[in-house]
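Everything on this sheet refers to the single structure shown next.
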Amino acid sequence: MAQAPTRRESVVTALASPDLASIVDLVVWVEVDGDDPSAARPVAMVASHIGRVRLHLDGRHEVLEGLDPIASEDPMAFLPYERECAGPGPRTSRENSYPYAAARILSLFADPTRSPDVAVMHTPRHFFPEQGGKVGEHGSLDVIQSRAPLLLSGMGVAARGIVDAHARLVDVCPTLATLAGVPDADLRDAAGEPLDGDVLTAYLGGATTGEPKVIGILWDGAHCGDLLHLAESGELPGIARLIDNGVALRGGAVAQFPSITLTNHTSILTGLGPGRHGVLGNVFYDRETGERVVANNSSTWHRSAEWLRPAVRTVFEMVNDVVPQEDSLRTACVNEAVDRGADYSTMAIIRDSGSSSGASGLGDRLPDAERSIHLHDTAHLDDSYFSWGTQVDDLGLEQMRQLWGSLDSAPTLTWWANVVSDAGHHAGGPRSDIARDSLRDSDSRLVSFLEHLDGLGVTDQVTFLLTADHGFEGSDPTVTGSWRPALERLGIPFRDEGPGFIYLLPVPDQT
């Protein structure tokens, strides 16, 4: 029987073949540090058709063959935004940038039973609708697919406008927790280990009064550069208002790898990378249970907390541990899958209903999409995901208004997830009419909610944080194909989940 490293090497060689260069950007895995094998310390490995490199956490790139396929890790690459628009891709890996590459790769491969043996990344141009791909895509290690917006605004935030800086999505949880009153000593997982993220203290420090009231907002899949561009152009007045009263990072926040929805929702709300929180992707395989986990599905979305590893604490649990239990809610989680610990949760309503259809069971509660006052173009409703997202986001706004009937009754921490921005970017890719309208629609709901707070006279007593779970790039419909035939020709048993997570399976006993 071929040993695992030998089989893995065969897979890497096949995937890094020049024949697959149009659809395979990078192949990544981990090995024991060749400089110190006795320490059994893993290092990140990257290969492509042009070469192979070993990445160290101290930033060293040890080129082993050919050229370094990761020429840059600059998180501020392709800024200002005009640079991205002038050359929107598709780019080769040598023209691209892959921020925090070693740390993000090592995190993906840190789970003892769920991490794949090899992960393969689509090129930005790869179009794969037969495997669920869309016109607009994400999931890569590269900077544009990994760049989510990040804004802080309101009470306790220094008003600085747009600054040339960046953060990471794992920084969101400890920042929200700190704003909500969680002391530094409690920014730990259940085993007492520090979080992977840091508190964004550089942007805090404005005047505060009274008990903290914090609202975190997620616009799923919102493109950072376009969001800031439209805000500066006057087309997103809600976002512009937040920026005027706070700060926005031009470099956004770098997603965990893969830059996939549920992986990063979980990282945002736990402060941990995927190797610690356990949600490796929207689809992954657990060798211990033999289960193929399809977490990002309408029938399973409300069960997402089931896949969290035992040491994980959500931001809701952190806040609940320090905020006294009184008549009012401490924490609320609107339209978000990673809701464990929240006193109020949309997903809890679905679970309590006993519906086997999951989020689809919300049907009778969802508003009519065609009557939405926030919809800019009814033609977009021809896209079923956009139509459903419009309904879900309108329902989310209703829930937010109910939760915020007054400042006294409002939760200490409220999390409000929106989905139509993801639908618009998948349907048309960045800067398309449908993507930009999805941002305008989301902004309309934000404006409506801010006006609701204005009516209560409490807006200046609230702290806001707005982000997304990943960025987006447009694919090229002429670049198609699959790497699966190349793997099948090897005769090595494997699973390809995602696609992109390659799990090597035991070789059948021939005796």
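What does the convex hull of the Cα atoms of the chain come to per residue, in Å³, rounded to a whole number?
On the way: hull volume 77.3 nm³, N = 511.
Looking at the chain, the number lands at 151 Å³ per residue.
Toward the positive end of the charge dipole of the chain, about the Cα centre and with charges on Cβ (Lys, Arg +1; Asp, Glu -1), which of Ser115, Tyr203, Phe127 goes farthest?
Ser115
If you count the DSSP beta bridges with both ends in the chain, what percent of them are antiparallel, to the nearest 5?
On the way: 44 of 66 bridges.
Among the beta bridges of the chain, antiparallel pairing accounts for roughly 65 percent.
Do the sum for the chain: with -39,500 (n - 2.57) for every DSSP H run of n ≥ 4, divided by all residues, what is the mean residue ellipticity at 222 nm, to the nearest 500 deg cm²/dmol? Walk me through the numbers on the way to the answer.
Working: 15 runs with 143 residues, N = 511.
Theoretical 222 nm ellipticity from helices: -8000 deg cm²/dmol.
Per-residue accessible area for Val120 at 1.4 Å probe radius, Å² rounded to 10?
10
Can you list residues from other chains, or at least 5 along the same chain, whose modelled amide H is less than 5 Å from the amide H of His122?
The list, which skips near neighbours in sequence, is Asp25.
Apply the a/c threshold of 1.5 to the C-alpha gyration tensor of the stretch 137-219 and tell me whether it is rounded, prolate or oblate.
On the way: a/c = 2.13, a/b = 1.20, b/c = 1.78.
Oblate, since a/c reaches 1.5 and b/c is not below a/b.
Would you be so kind as to identify which of Val447, Pro274, Pro493 lies farthest towards the positive end of the dipole of the chain, taking Lys and Arg as +1 and Asp and Glu as -1 on Cβ and the Cα centre as origin?
Farthest towards the positive pole: Pro493.
Hey, what do the phi angles of the stretch 238-245 turn into as Karplus ³J(HN,Hα) couplings, whole Hz, using 6.51/-1.76/1.60 and θ = phi - 60°, x for Gly and Pro?
With coefficients 6.51, -1.76 and 1.60, one gets x, 4, 4, 5, 4, 5, 4, 9 Hz.
Considering Cα pairs under 8 angstrom that are at least six residues apart, work out the relative contact order of the stretch 260-310 and quote it in whole percent. Could the numbers behind the result be given before it?
Numbers: 54 pairs, mean separation 15.7, N = 51.
The value is 31 percent.
Once a ≥ b ≥ c are taken as the square roots of the eigenvalues of the Cα gyration tensor of the stretch 373-508, is the result rounded (a/c under 1.5), prolate (a/b larger than b/c) or oblate (a/b not larger than b/c)? Spell out each step's value before the answer.
Details: a/c = 3.51, a/b = 2.01, b/c = 1.75.
Cα axes put the stretch 373-508 in the prolate bin.
In square angstrom, what is the accessible area per residue of the chain with a 1.4 angstrom probe? Let's see the in-between values first.
Values: 19060 Å² over 511 residues.
On a per-residue basis, the chain sits at 37 Å².
Determine ³J(HN,Hα), in whole Hz, for all residues of the stretch 485-501 in sequence, where each value follows from phi through the Karplus function 6.51 cos²θ - 1.76 cosθ + 1.60 and θ = phi - 60°; x replaces Gly and Pro.
Rounded to whole hertz, the list is x, 5, 6, 5, 5, 6, x, 9, x, 7, 10, 10, 9, x, x, x, 9.
Ignoring any ligand, DNA or RNA, what whole percent of the accessible area of the chain comes from carbon and sulfur when the probe is 1.4 angstrom?
Working: 9260 of 19060 Å².
Ligands and nucleic acids excluded, carbon and sulfur reach 49 percent.
Assuming a ≥ b ≥ c are the square roots of the Cα gyration tensor eigenvalues, decide whether the stretch 101-167 counts as rounded (a/c under 1.5), prolate (otherwise, with a/b larger than b/c) or oblate. Intermediate results must be reported in sequence, preceding the final value.
On the way: a/c = 2.86, a/b = 1.62, b/c = 1.77.
Note, shape of the stretch 101-167 comes out oblate.
How large is the accessible surface of Ser72 in square angstrom, using a 1.4 angstrom probe and rounding to the nearest 10?
For Ser72, solvent-accessible area is about 40 Å².
Can you work out ³J(HN,Hα) from phi for every residue in the stretch 109-121, in order, using Karplus 6.51 cos²θ - 1.76 cosθ + 1.60 and θ = phi - 60°, giving whole Hz and x for Gly and Pro?
Result, rounded to whole Hz: 9, 8, 7, x, 10, 9, 5, x, 7, 9, 10, 10, 9.
Any idea what the dipole of the chain comes to, in debye rounded to 20, about its Cα centre with Lys/Arg Cβ at +1 and Asp/Glu Cβ at -1?
Numbers: 39 positive and 72 negative charges, 144 e Å.
Roughly 700 debye, rounded to the nearest 20.
The values are calculated or read from the model by the stated rules, or taken from the named source; none is laboratory data. Note that the structure is predicted; figures quoted are calculated from it, not measured. Neighbour counts run over all protein chains shown; Cβ positions are idealised from the backbone, glycine included. For the accessible areas, the whole protein counts, side chains as well, though only heavy atoms, and no ligand, DNA or RNA atoms are used. Shrake-Rupley method; radii C 1.70, N 1.55, O 1.52, S 1.80 Å.
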